[in-house]
1. Would you list, by chain and number, the aspartates and glutamates whose Cα falls below 15 Å from the Cα of Lys139, excluding same-chain residues fewer than 8 positions away?
2. Express in whole angstrom the spacing between the alpha-carbon centres of region 1-47 and region 109-147.
3. Scanning the chain for trypsin sites (Lys or Arg not before Pro) in DSSP loops with at most 13 other Cβ atoms within 10 Å, what's the longest stretch left with none?
Amino acid sequence: MRIAIASDHAALEMKAALAAWLTEQGHEVNDLGPHDGTSVDYPDYGYKLASTVAGGAAERGVALCGTGLGISMAVNRNPDCRCAVVSEQLSAYFSRDHNDANVIAMGARMIGIEQAKACLATFLSTPFGGDRHVRRVDKLSNPPFVKEPV
């Protein structure tokens, strides 16, 4: 599988470990940076990752920052990306099975590398459940914005 990975400076070590592990697993990994410990802004790397996945250059994405929250918000600005923040395998499973997530986000300050690998393995091996979830997932890319309170 073609996988793009990006982080901010807080998750640099986790990104390097996951990129190496993904390569060992036989995946083609595109490391979008950063490549040193210089302080960077997570939205820049989240947008870059989202463009890579949405454009089809990668089938899945891995977004990392201190908590996983900020970079996931940046990725989710792209209507063709569905990024889920996870910290355990059950959430990783349902992010694929129910939500057809194409990007997983994790926080380097929240979980360790072994747990991140377990979440990522679950994320990559779980197919989209389809069926009743298709209608709901379609609404994520085409939201019916409401102008007045419901």
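1. Of all the aspartates and glutamates, those that pass the test against Lys139 - Cα under 15 Å, at least 8 places apart if same chain - are Asp80, Asp100, Asp131.
2. 19 Å
3. In the chain, the maximal stretch lacking such sites is 1-76.
Coordinate-derived values only; no laboratory data. Values in this document were obtained by computation on a predicted structure and should not be read as measured data. Methodologically, a virtual Cβ is constructed for each residue, glycine included, from the backbone with ideal geometry; neighbour enumeration extends over all protein chains shown.
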